[in-house]
Amino acid sequence: MKNVILFLFVLLPLSANAIKWKVLGPCSDKPLFQGTYEADLKKSVGEISIEIFDKNKIPYVGVAAGFNSINNSAIGLDALEVVSDEVMRAYGWCYAVNGRMPKVMPDQVTPKNQEDTIAWFYGYSTNIQNEWTDYCVPGYQIKAAQFCEK
């Protein structure tokens, strides 16, 4: 009996660990969706994200290599913000693992352990006079009028 109880205490912390995940929209740093998920650590962040979205019935358009839309977000021309004759912002989905943005697509990154955090956020890149000046800035930092009611 002691062995069974000891065995359960050893397994209990392992089963409590799970990847933390969240999806942040263009208007707030508060997640639209969030949770935990016991992930197969042999799978990529992209594959795990698809499993999470399917399990939680979060609509998306995309594949493990990246997402065009999450939660019915704007895509194509609707995802462009014309700020002026010389400035435009292009919006799309970016991701971070443990607060860092990998320089590769999500199908090329695997979580290290069940304590990792995957965050998807609707971000933008700015084009000024045909030159890209930034990359994957969280949209909620500026709350563009076309996506957020003011």
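Only the coordinates and a few stated rules stand behind these numbers; no lab work does. No experiment lies behind these values; they were computed from the predicted model shown. Positions of Cβ are generated from backbone atoms using ideal geometry, with glycine treated the same way; all protein chains shown enter the neighbour counts.
In the stretch 82-115, which trypsin sites (Lys or Arg not before Pro) are in a loop and have at most 15 other Cβ atoms within 10 Å, using DSSP for the loop call?
103, 112
Any chance you could list P(r) for the stretch 97-150, counting all Cα-Cα pairs in 5 angstrom bins from zero, rounded to whole %?
In whole percents, the pair-distance histogram is 4, 14, 20, 20, 16, 14, 7, 3, 1.
List every residue whose amide H lies under 5 Å from the amide H of residue 63, counting only residues 5 or more places away in sequence or on a different chain, with H placed 1.01 Å from N in the peptide plane.
Here the answer is 68, since their amide H atoms fall under 5 Å of that of residue 63.
When the helix-only estimate is applied to the chain (DSSP H runs of n ≥ 4, each -39,500 (n - 2.57), divided by the residue count), what is the mean residue ellipticity at 222 nm, nearest 500 deg cm²/dmol?
Result for the chain: -5500 deg cm²/dmol, rounded to the nearest 500.
P(r) for the chain: what percent of alpha-carbon pairs falls in each 10 Å bin, starting at zero?
All Cα pairs considered, the percentages come to 11, 36, 29, 14, 6, 3, 1, 0.
Counting other Cβ atoms within 10 Å, keep those with at most 13, restrict to DSSP loop, and tell me which chymotrypsin sites (Phe, Trp or Tyr not before Pro) in the stretch 45-150 are left.
135
For the stretch 70-150, run through the GluC sites (Glu not before Pro) and keep only the ones in DSSP coil with at most 11 other Cβ atoms within 10 Å of their Cβ.
When the GluC sites (Glu not before Pro) of the stretch 70-150 are filtered for loop state and at most 11 Cβ neighbours within 10 Å, 86, 115, 149 remain.
Taking every Cα atom in the stretch 52-129, find the radius of gyration and the maximum pairwise distance Dmax, and write them in Å.
Looking at the stretch 52-129, its Cα Rg and Dmax stand at 14.4, 47 Å.
Could you work out how far apart the two model spin labels at residue 57 and residue 80 are, taking each label as a point 7 Å from the Cα in the direction of the beta carbon, and quote it in nm?
The modelled label-to-label distance comes out at 3.6 nm.
May I ask you to compute the full-extension gain from residue 135 to residue 112, defined as 0.36 nm times their residue separation minus their alpha-carbon distance, rounded to one decimal in nm?
Gain on extension, residue 135 to residue 112, equals 5.8 nm.
If the cut-off is 13 Å between C-alpha atoms, which aspartates and glutamates fall inside it for residue 143, apart from same-chain ones fewer than 8 positions away?
29, 81
What FRET efficiency would be calculated for the residue pair residue 87, residue 29, taking the C-beta separation as r and a Förster radius of 30 Å, to the nearest 0.05?
About 0.80, to the nearest 0.05.
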